[in-house]
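Student: Provided herewith is a single structure, encoded as structure tokens, for subsequent inquiry.
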Amino acid sequence: MTGHMNLFDNVNRQFDEAADILGLSQEIRELLKTPYREITVAMPIRMEDGTLKVFKGYRVQHNGVRGPQKGGIRYHPDLVLDDVRALASLNTWKTAVVNVPFGGAKGGVQCDPSKMSQHELEMLTRRYISKISMVLGPTRDVPSPDVNTNAQTMAWVLDEYGRKNGFQPACVTGKPLELGGSQGGEAGTGKGVAICTREAWTKVLGRDLKGARVVLQGFGNVGSFAAKFLHGMGARVVAVADEAGAVRRAEGLDIPALFAYVRQNKGTVAGFPGGEPFDPASVWAQTCDILVPAALGGVLTQATAPEVQATLIVEGANAPTTPEADQIFRDRGILLIPDILANAGGVTVSYFEWVQNLQQLFWNEAEIFEKEEKILLQAFRDVAEKVKRHACTWRTGALVLALERVTKANELRGW
Ligand code: NAD
């Protein structure tokens, strides 16, 4: 996933740029970079072919000064502890940018779910949760879905946590509706990506979204809903690439049809009849106005950044851009809306789910989307103000905002 590159170093380099603007001391930087707690666990699982496999799982709680730790659970064969640290720290800054009362965590298991049965995945999830459940809970750490995990996974998390602690739906978000999940929970991240794209394209760049050409990498939870809402706003999604294939159509893909196709086609856009197939590796070079990476981290690099045709990049994925690529985009005058703002709709709706679970009272989808939009627009304005004040990039502006909020909370609680 990340090759030789270290996502945690990248995130900390971004952090330092914002810390420089704020003049933070080395002591405070050290404190804010170092994860609060890290757990590594081993999960021996008897596989269906009779072999015993030992999986490695992680949970990193980066910072909890503003509230319970919050972050996704990722299942991926290349997952390493340093990536989990990076993603946990991004969540600390993300929850602060949207000002929801959570800290930042991340977890996951090094495994390849495409080679595992549902039963094996359930056993693995239960073993993982049972081994880390002592640090979880509605007031401690609240997991959610991420790459290769979904509402079913979160249902197993709820059940396994409940075995020791009783039925506490607020212990996990991204649950199925039948178990206390939230309306808009599935769509929340993609919806937020679309809102941030619209704001950046129309308000910051002063352009019209009607007919604007969008290219996406990733058509999973984030990418597919981002495409759906952008299509609904009048944008033209001209190319989509995922792990198994890629399709394009210059006049714009029929997104509702693609959305339905992917859900009946093992989750991939490969073979979609409404477009022309192309090499997924060339996704960055596709002609477009707006580029949305919505798959994995570390994909926009020194090598791929010069190929990008877009004038706006909106980070649906976490940490898709290396610091070198950031510099290239800056030099080329390409506007980039960073992950900690662009995909923060996910944690925002997770926050609503947690609130509804604690109150045992539920909101409808229109209420959820309205509240989500309000929070994101506020965050967008807050970041825009930092960008203006410090004449910095949107990534640095968002980090400045987050660092101010986290350091203030930390100072009030006591170092
Ligand atoms: P997902 O598992 O639902 O979908 C991942 C998508 O990426 C799939 O379309 C997959 O085919 C594609 N992909 C994977 N490897 C690829 C590769 N090598 N090349 C091209 N495409 C590849 O995951 P998701 O939940 O949509 O998460 C996507 C990104 O968004 C991740 O970076 C995640 O951390 C971030 N994110 C997710 C959420 C959320 O609510 N799910 C919230 C914030 C950020």
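Student: Are there any pairs with C-beta distances below 8 angstrom linking a residue in the range 297-318 that is polar (S, T, N, Q) to a residue that is within 12 Å of the ligand (Cβ to nearest atom) and assigned to a loop (DSSP other than H, G, I, E, B), with the two at least 6 apart or on different chains, and if so which?
Tutor: What qualifies is N318/G297; N318/N343.
Student: Any chance the range 138-153 includes a residue that's part of a helix (DSSP H, G or I) and out of contact with any helix residue (DSSP H, G or I) (no Cβ under 6 Å at 6 or more places or on another chain)? First the steps, then the outcome.
Tutor: Within the range 138-153, the subset part of a helix (DSSP H, G or I) is 151-153.
If we keep only those that are out of contact with any helix residue (DSSP H, G or I) (no Cβ under 6 Å at 6 or more places or on another chain) as well, we get 151-152.
Yes.
Student: Looking only at the range 169-204, count every residue that is more than 15 Å from V292 (Cβ to Cβ) and either out of contact with any helix residue (DSSP H, G or I) (no Cβ under 8 Å at 6 or more places or on another chain) or outside any loop (DSSP other than H, G, I, E, B) (or both) and tell me the total.
Tutor: 10
Student: A further question on this structure: Mind checking which residues of the range 331-362 are in contact (Cβ under 8 Å) with a residue 60 or more places away in the chain and among the acidic types (D, E)? I'd like the intermediate steps shown before the answer.
Tutor: So the first thing to find is which residues in the range 331-362 are in contact (Cβ under 8 Å) with a residue 60 or more places away in the chain, and the list is 335, 337-354, 356-358, 362.
Scanning the range 331-362 gives D339, E353.
Student: Then there is this: Of the conditions (1) within 16 Å of the ligand (Cβ to nearest atom); (2) in a helix (DSSP H, G or I); (3) not hydroxyl-bearing (S, T, Y), E243 fails just one. Which one is it?
Tutor: For E243, the failing item is (2).
Student: Turning to a different aspect of this structure: If you take the residues in the range 142-162 that are more than 17 Å from the chain's Cα centre (by Cα) and not β-branched (V, I, T), which one is farthest from Q110 (Cα to Cα)?
Tutor: G162
Student: Here is a further query. Answer yes if at least one residue in the range 295-306 is out of contact with any helix residue (DSSP H, G or I) (no Cβ under 6 Å at 6 or more places or on another chain) and under 23 Å from V98 (Cβ atoms), and no otherwise.
Tutor: Yes, the conditions are met somewhere in the range 295-306.
Student: Confirm whether A294 is surrounded by 15 or more Cβ atoms within 10 Å (Cβ to Cβ), within 16 Å of the ligand (Cβ to nearest atom) and in contact (Cβ under 8 Å) with a residue 60 or more places away in the chain. If you could, list the steps in order and put the result at the bottom.
Tutor: Details: surrounded by 15 or more Cβ atoms within 10 Å (Cβ to Cβ): yes; within 16 Å of the ligand (Cβ to nearest atom): yes; in contact (Cβ under 8 Å) with a residue 60 or more places away in the chain: yes.
Here the answer is yes, as A294 does meet what is asked.
Student: List the pairs whose first member sits in the range 14-36 and is free of Cβ contacts under 8 Å to residues at least 24 places away in the same chain and under 19 Å from G103 (Cα atoms), whose second member is surrounded by fewer than 17 Cβ atoms within 10 Å (Cβ to Cβ) and of a type outside the set (K, R), and whose Cβ atoms are under 9 Å apart, counting only residues at least 6 apart or on separate chains?
Tutor: Matching pairs, first to second residue: R29/D16.
Student: Name the residue that is surrounded by the most Cβ atoms within 10 Å (Cβ to Cβ), counting only residues in the range 207-225 that are more than 9 Å from the ligand (Cβ to nearest atom) and outside any strand (DSSP E or B).
Tutor: Looking at the filtered set, the residue picked out is A212.
Where a number appears in this text, it was derived from the coordinates with a stated rule and is not lab data. What you are looking at is a predicted structure, and each value in this text was computed from that prediction instead of being measured. Note that each Cβ is placed from the backbone with ideal geometry, even for glycine, and that neighbours are counted across all protein chains shown.
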